[in-house]
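See below for the structure under consideration.
FYI, it's all coordinate maths here, none of it is from the lab. From a predicted model like this one, the values you see are computed outputs, not experimental measurements. Methodologically, a virtual Cβ is constructed for each residue, glycine included, from the backbone with ideal geometry; neighbour enumeration extends over all protein chains shown.
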Amino acid sequence: MSDSAHLERRYRQLLACYPRAFRYEHEQEILAVLMAGADEDQQRPRLGEAANLIKHALWMRLGLSRGRIMINERTFPIRVDRPSRTLMTAFGAGRKAPLVKMSPSTVYVRMGWAFRAMIPRESVASARPLNRDELRGPFRISVLRGVNYWGGTALVNGAGTGLVEITLDRRKWVWLGPLRAPMRRLIVSAEDQTALAVALNPSAPPSPDSGDPSL
Amino acid sequence: MQEATFLILTALAAGSQHGYGIITDVQAISAGRVQLKAGTLYAALERLRADKLIEVDREEIVDSRLRRYYRLTPAGGELLAAEAARLQANARVALSRLKPATGSVT
């Protein structure tokens, strides 16, 4: 087997780490880039190159590939009242401000280490402001704060007001601390309840002009 | 915006390019400082494409390998222009403050 065929096979093995859909779309293209960047007599993938491919493949599989490439986005802080802030800081969840970030393609929700979700924009079926008394089941306990999960619904809040209910068109796996759980409905407490509900609504086209994308 | 993202958009600003073209171009623009790896490049391209800042221009088969050419969308061009203006304004302030108040810059 020639060096280049051998090398290409090795690269193919590495690319197998990527999700199938991504591979179907990009494998040929990435292979061409990798082979173009290889030396004449190179037989194995370079260590750095291999590590980089595996890293990005894992991120993609874990739904974290958004990584640091956040552009053209708007940020909506999650509302946290003063007593909750103290409590959440005590539990280590409040070091980074909890927020909802939105780009034309993705909605990203984070509350410290306790909650992380990466939701494709097109999966958002609806979003609306929600009153406290509309909450059902265990969520009716009015002092609930932080991250609570019950039957496919996640309540991610730092306050009992400003709630926005986000319904997805299918279940989406999200991170509850170190665990993954399927989520169909997400309720967050937003600083700006109306703005978040409006921006999330699928009928409203994502408008990069209305936000302040890069500053 | 991250520097790698900025450089990828810059590489596409003058016209469409394929993956390996972007890597070599980014290296040239940054005077060899930024060497994109394939994994990083395609994660960025995927994101930029999802955010409609770039799009596929055309596909070619060269030496029996697929080449996909990407180009900026109008939104991508606007974003790059805004970011470039911001960086330029920052740089101008930095340089003017470094300048000795009376003498000329050497």
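May I ask you to compute the full-extension gain from B:Ala14 to B:Ala50, defined as 0.36 nm times their residue separation minus their alpha-carbon distance, rounded to one decimal in nm?
Numbers: separation 36, 0.36 × 36 = 12.96 nm, distance 2.11 nm.
Once the chain is fully extended between B:Ala14 and B:Ala50, it gains 10.8 nm.
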Under the 7 Å Cα-to-Cβ spin-label approximation, A:Arg82 and A:Asn201 lie apart by a distance in nanometres of 3.5 nm
Counting only C-alpha contacts under 8 Å and six or more residues apart, can you give the relative contact order of segment B:5-48 as a whole percent? 33 percent
Evaluate the Kirkwood expression for the hydrodynamic radius of segment B:7-50, namely the inverse of the mean inverse distance over all pairs of different C-alpha atoms, and round to one decimal in Å. 10.4 Å
Length-normalised contact order of segment B:3-98 in % [C-alpha pairs under 8 Å, at least 6 apart]: 30 percent
Please rank A:Phe115, A:Phe22, fewest neighbouring Cβ atoms within 10 Å first, as an exposure proxy. A:Phe22, A:Phe115
So if I place +1 on the C-beta of Lys and Arg and -1 on the C-beta of Asp and Glu, and nothing else carries charge, what would the dipole magnitude of the protein assembly as shown be about its Cα centre? I want it in debye, nearest 20. 1400 debye
Against the longest alpha carbon principal axis of chain A, how many degrees, from 0 to 90 and to the nearest 10, is the axis of helix A:20-36 turned? 40 degrees
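In deg cm²/dmol, rounded to 500, what helix-only [θ] at 222 nm does chain A give when every DSSP H run of at least 4 residues adds -39500 (n - 2.57) and the total is split over its residues?
Working: 5 runs with 62 residues, N = 215.
Taken over chain A, the calculation gives -9000 deg cm²/dmol.
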Along the Cα→Cβ direction, 7 angstrom out, place labels at A:Ala181 and A:Arg61. What is the inter-label distance in nm? 2.4 nm
If the viscosity is 1.567 mPa s and the temperature 4 °C, what Stokes-Einstein diffusion coefficient in µm²/s follows for the protein assembly as shown when Rh is the Kirkwood radius over Cα pairs? 59 µm²/s
Below 8 Å between Cα atoms, with a sequence gap of 6+, how large is the relative contact order for chain A in percent? 18 percent
When you take every Cα atom in chain B, what is the radius of gyration, and what is Dmax, the widest Cα pair distance, in Å? 16.9, 63
Could you work out which residue, out of A:Ala32, A:Ala154, A:Ala199, moves most in a Gaussian network model of chain A, that is, has the largest mean-square fluctuation with Cα springs under 10 Å? A:Ala32
From the mean inverse distance of alpha carbon pairs (Kirkwood) and the Cα radius of gyration, derive Rg over Rh for segment B:58-100. 1.40
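For peptide A:34-46, what's the mean number of Cβ atoms from other chains within 10 Å of each residue's Cβ? The partial results should precede the final answer.
Details: counts 5, 3, 11, 8, 0, 0, 0, 0, 0, 0, 0, 1, 1.
Per-residue shielding by partner chains comes out at 2.
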Taking chain B as a Gaussian network, Cα atoms linked when under 10 Å apart, which of B:Leu79, B:Leu95, B:Leu36 shows the biggest mean-square fluctuation? B:Leu95
proj_area_mean for segment A:3-61 (convex hull on C-alpha atoms), units nm², value 3.6 nm²
Per the 1/(1 + (r/R0)^6) rule, R0 = 41 Å and r from the Cβ atoms of A:Glu25 and A:Trp150, FRET efficiency to 0.05 is 0.65
Can you tell me the orientation of helix B:3-13 relative to chain B, as the angle in degrees between its alpha-carbon axis and the longest Cα principal axis, to the nearest 10? 70 degrees
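Work through the residues other than A:Ala159 whose Cβ is under 11 Å from its Cβ and net out their charges, Lys, Arg +1 and Asp, Glu -1. Working shown, then result.
Numbers: positive: A:Arg79, A:Arg82, A:Arg85, A:Arg132, A:Arg145; negative: A:Asp81, A:Glu191.
Once all neighbours under 11 Å are counted, the net charge is +3.
Beyond 30 Å between alpha-carbons counts as too far, so tell me which of A:Lys96/A:Lys172; B:Lys52/B:Lys99; B:Lys37/B:Lys99; A:Lys96/B:Lys99 fall in that bin.
Checking Cα-Cα distances, B:Lys52/B:Lys99; B:Lys37/B:Lys99; A:Lys96/B:Lys99 exceed 30 Å.
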Once the Cα atoms of helix B:38-50 and of chain B are each reduced to a long axis, what angle between those two axes, in degrees from 0 to 90 to the nearest 10, is obtained? 90 degrees
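Where a ≥ b ≥ c are the square roots of the eigenvalues of the C-alpha gyration tensor, would you call segment A:74-200 rounded, which needs a/c under 1.5, or, failing that, prolate if a/b is larger than b/c, or oblate?
Details: a/c = 1.27, a/b = 1.24, b/c = 1.03.
Because its axes are fairly even, with a/c under 1.5, segment A:74-200 counts as rounded.
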